Amino acid sequence: MKQRPIGLIDSGLGGFTIFYGLKAVYPKAPLIMLADQKNNPYGPKTVAELEAITIKNIEYFQSLGVDRVLFACNTTSSLVLEKMQAHFKDIEFKGVIDGTVKQLKQADQVAVIATKANIESHAYKNKILKQFPEAQVIEIIAHDLVDYIEGLANDATIYRYVDELLKASGAADPIILGCTHYPLVLDLFKKSRDVTYIDSTQAMVSELGVWLIDNEGPASILTTGDAAILKHQLQILFDKDEDVKAVLV
């Protein structure tokens, strides 16, 4: 049985939607989840800042023997994936955007809700229009939603924010949740507008199967921030009691 650890990176809690989705299907998968909470949020950062941060994170993964990395983050998938592929020739990378867009069955009018950096890159819009040239794509920046989720804001606060965001979506259906944090409050999106929502979790569970078949080993959860805080966040949001290790990257 192979033991080849697979690295997952996100700025914080969003990547755990994919981490736990993978663990549900591949419970013995050798996953290393790195929550880069020291640098959270990624959305307002420049491309240059994200590239510098990501290079350090990948170099850290290399020190752990990781040779396959999933950007469990829409912002880095849209802005630095190609640069990392060129920089680290011996590492195989995947992002979340292609697989998410492939879930679209029709796209007459589709909304994308994402971070400032992601929306300004037009990554989702360009991919959608390549697949559905006649589609109307509404792009919506959620400036503060990641901060609300990471800060464990109450449902009423997040609902008011989400409800305001969705006013810009018009009649769009489906709506792409273009940040891996957002599925954590999917119920609040549905409470505001009960339409079809698409996110990255199921797509990544399907796409990463090729990395995980016959590949077993220990899993670990790391943070560049405070381990006690992440442990508490995982208890609240995922009902998981995990061993969390803080690392210097």
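The values are calculated or read from the model by the stated rules, or taken from the named source; none is laboratory data. From a predicted model like this one, the values you see are computed outputs, not experimental measurements. Please note: Cβ atoms are built from the backbone with ideal geometry, for glycine as well, and neighbour counts cover all protein chains shown.
Could we say that Val69 is farther than 17 Å from Leu234 by Cβ, more than 15 Å from the chain's Cα centre (by Cα), at pLDDT 90 or above and of a type outside the set (Lys, Arg) here?
Answer is no for this residue.
Between Leu177, Leu186, which is under 15 Å from the mean Cα position of the chain (by Cα), closer than 21 Å to Ile18 by Cβ, surrounded by fewer than 20 Cβ atoms within 10 Å (Cβ to Cβ) and at pLDDT 95 or above?
None of the other options fit; the residue is Leu186.
Which helices (runs of 4 or more DSSP H) sit wholly inside region 37-127 and have at least 2 residues that are of a type in the set (A, V, I, L, M)?
Values: elements: 47-63, 74-79, 81-87, 97-101, 116-121.
Result: 47-63, 81-87, 97-101, 116-121.
Here is a list of conditions, (1) surrounded by 14 or more Cβ atoms within 10 Å (Cβ to Cβ); (2) polar (S, T, N, Q); (3) farther than 21 Å from Glu207 by Cβ, and Thr17 meets all of them except one; can you say which number that is?
Single failed check for Thr17: (3).
Of all residues in region 112-160 being free of Cβ contacts under 8 Å to residues at least 24 places away in the same chain and of a type in the set (Lys, Arg), which is nearest to Ile229 (Cα to Cα)?
That would be Arg160.
Within region 130-142, is even one residue in the same structural domain as Gly209 (by TED's automatic domain parsing) and touching a helix residue (DSSP H, G or I) at 6+ places or on another chain (Cβ under 8 Å)?
No, because not a single residue in region 130-142 is in the same structural domain as Gly209 (by TED's automatic domain parsing) and touching a helix residue (DSSP H, G or I) at 6+ places or on another chain (Cβ under 8 Å).
What residue, of Leu188, Leu237, is hydrophobic (A, V, I, L, M, F, W, C) and in the same structural domain as Val66 (by TED's automatic domain parsing)?
Criteria check complete, one pass: Leu237.
Go through region 32-76 and give me each residue that's touching a strand residue (DSSP E or B) at 6+ places or on another chain (Cβ under 8 Å), buried (at least 16 other Cβ atoms within 10 Å of the Cβ) and among the acidic types (Asp, Glu).
The one that is touching a strand residue (DSSP E or B) at 6+ places or on another chain (Cβ under 8 Å), buried (at least 16 other Cβ atoms within 10 Å of the Cβ) and among the acidic types (Asp, Glu): Asp36.
Being out of contact with any Ser or Thr (no Cβ under 6 Å at 6 or more places or on another chain), surrounded by 17 or more Cβ atoms within 10 Å (Cβ to Cβ) and assigned to a helix (DSSP H, G or I) is true for just one of Val162, Val146, Val137. Which residue is that?
Val146
Which condition breaks for Ala24 when tested against (1) out of contact with any strand residue (DSSP E or B) (no Cβ under 9 Å at 6 or more places or on another chain); (2) more than 22 Å from Leu248 (Cα to Cα); (3) modelled with pLDDT of 95 or more; (4) not acidic (Asp, Glu)?
Ala24 satisfies all of (1) out of contact with any strand residue (DSSP E or B) (no Cβ under 9 Å at 6 or more places or on another chain); (2) more than 22 Å from Leu248 (Cα to Cα); (3) modelled with pLDDT of 95 or more; (4) not acidic (Asp, Glu) except (3).
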